[in-house]
1. List CYS316, CYS171 from most exposed to least, where exposure is judged by having the fewest other Cβ atoms within 10 Å.
2. Give the cysteines in the chain for which no other Cys Cβ lies under 4.7 Å away, or write none if there are none.
3. Between region 1-39 and region 147-178, what's the alpha-carbon centroid distance in Å?
4. For the chain, with the dipole built from +1 on Lys and Arg beta-carbon atoms and -1 on Asp and Glu ones, taken about the Cα centre, which of LEU20, ALA249, VAL144 lies farthest toward the positive end?
5. Could you grab the relative contact order for the chain? Cα pairs under 8 Å, six or more apart, rounded to a whole percent.
6. Is there a quick way to get the dipole size of the chain? I mean about its Cα centre, with the Cβ of Lys and Arg at +1 and of Asp and Glu at -1; what is the value in debye to the nearest 20?
7. Sort VAL80, VAL308 by Cβ crowding within 10 Å, fewest neighbours at the top.
8. Can you tell me the 0 to 90 degree angle between the C-alpha axis of helix 101-118 and the longest principal axis of the chain, rounded to 10?
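Taken together, the values in this text are just the output of simple stated rules run on the coordinates, not laboratory data. Predicted, not measured: the structure shown is a model, and the values here were computed from it. Cβ coordinates were reconstructed from backbone atoms using ideal geometry, including for glycine residues, and neighbour counts include every protein chain displayed.
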Amino acid sequence: MIDNDKIGSYIKELRTKKNLTQEELGNMIYVSRQAVSNWERGIDVPTIDNVKDIGKIFDVSIIDIYAGEMVKDIKTLNDVIHSLITLEIKKSKKILIISSFIIFILIVMFLTYYFITYYNNISVYNIKGDSTKYDINGILNKSVNNVYMNLVTDQVSDRICLVHNEDEILCQSDSNYIMFNQYNGYNEILPLDNKSFNEYIANLFLTIEKDNNKEKIKLDIMNFYQNDNLLKKNLDDVNNDEKYKLEFANVPEKIKKEFQYKKEENAFYLKKYGENQSVEMFYFIDSNTFDVTINNVNEIIKWTYDNVDYYINYYCVVNKNRKNKIIELRNIYSNNKDKKKNELYKYFKENYIDKYLN
């Protein structure tokens with residue numbers, strides 16, 4: 001759902017960061033100061049042309065402006081796209097009601113052309129990096145005239161670059177992500193025709209420079225969604241294998257193979273026993289979190305790993321002389337300055353992230 005207030009707040013935030021007045025912004029995109037004021041107060045929403053101009057001025061995408069924030073996940077992206085399509089459908093219905101038979105025929109012709117042009121041309125890809133040192137995950141969304149990529153590593157590096165064969169395409173300094181949103185004829189980074197695109201992404205790499213070391217990592221880009229159905233399918237009409245692929249598309253393969261699915265929790269579960277301890281593991285699909293609980297003779301340790309934002313929460317109950325001592329550490333990343341947090345992250349990465357999630 002398009003949120004006028006959220007869009008207005010985001011435009012105001014972008015404007016104030018640039019130290020622009022409402023009148024100055026209005027002059028840059030050829031609208032009045034009052035129009036800008038109405039946008040920021042949520043009274044009106046800028047037209048698509050205004051949004052394009054605003055995006056160019058503040059170097060953000062159209063999708064970001066309509067979302068009212070910097071879009072960093074595929075769910076938000078899809079929600080905004082769905083809202084825009086719904087809005088356009090409503091407008092089209094109003095036009096159809098007041099249009100004559102000739103206009104109706106023209107619309108039908110246009111829709112026919114649109115279907116022929118866009119059918120089977122929306123693809124979503126999952127990205128993984130072939131590296132033992134870095135956790136690399138991302139999403140790539142492609143349509144006939146747009147490509148969106150968000151690629152994230154688990155460590156902030158001195159320099160990170162998206163590379164095709166040996167050519168650097170896009171680089172960031174002091175960052176742990178590469179993100180872009182390109183349109184046909186504007187900000188083009190990847191080719192849009194299907195044949196060239198597939199050949200191109202097969203030769204994409206990520207170079208990471210940190211502490212005077214440079215590593216070139218092959219990107220494994222796998223398609224997990226394609227709008228290749230002529231008619232909308234009901235979930236009941238999809239066979240069990242297809243249902244499994246749809247529901248668990250983002251679940252790591254090792255989790256699906258080695259863990260048992262628990263429908264009531266919508267999670268994958270595995271319990272292991274070792275010497276004087278047991279380990280229970282849950283991978284929760286809805287939240288993309290990985291929980292590990294270790295029960296020892298003298299302590300209970302619980303780890304929660306966020307497989308979207310790549311941080312760990314650590315909770316430990318130690319029973320010393322029958323008195324409980326609780327240790328709780330939150331938001332542990334791989335590049336913590338705290339030595340204890342670094343050791344905890346390294347232990348969990350080596351024993352659980354690398355083993356089950358990569």
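1. Ascending Cβ contact count within 10 Å gives the list CYS171, CYS316.
2. CYS316
3. Centre-to-centre (Cα) distance: 31 Å.
4. ALA249
5. 9 percent.
6. Value, rounded to 20: 900 debye.
7. Ordered by Cβ neighbours within 10 Å, fewest first: VAL308, VAL80.
8. With rounding to tens, the tilt is 40 degrees.
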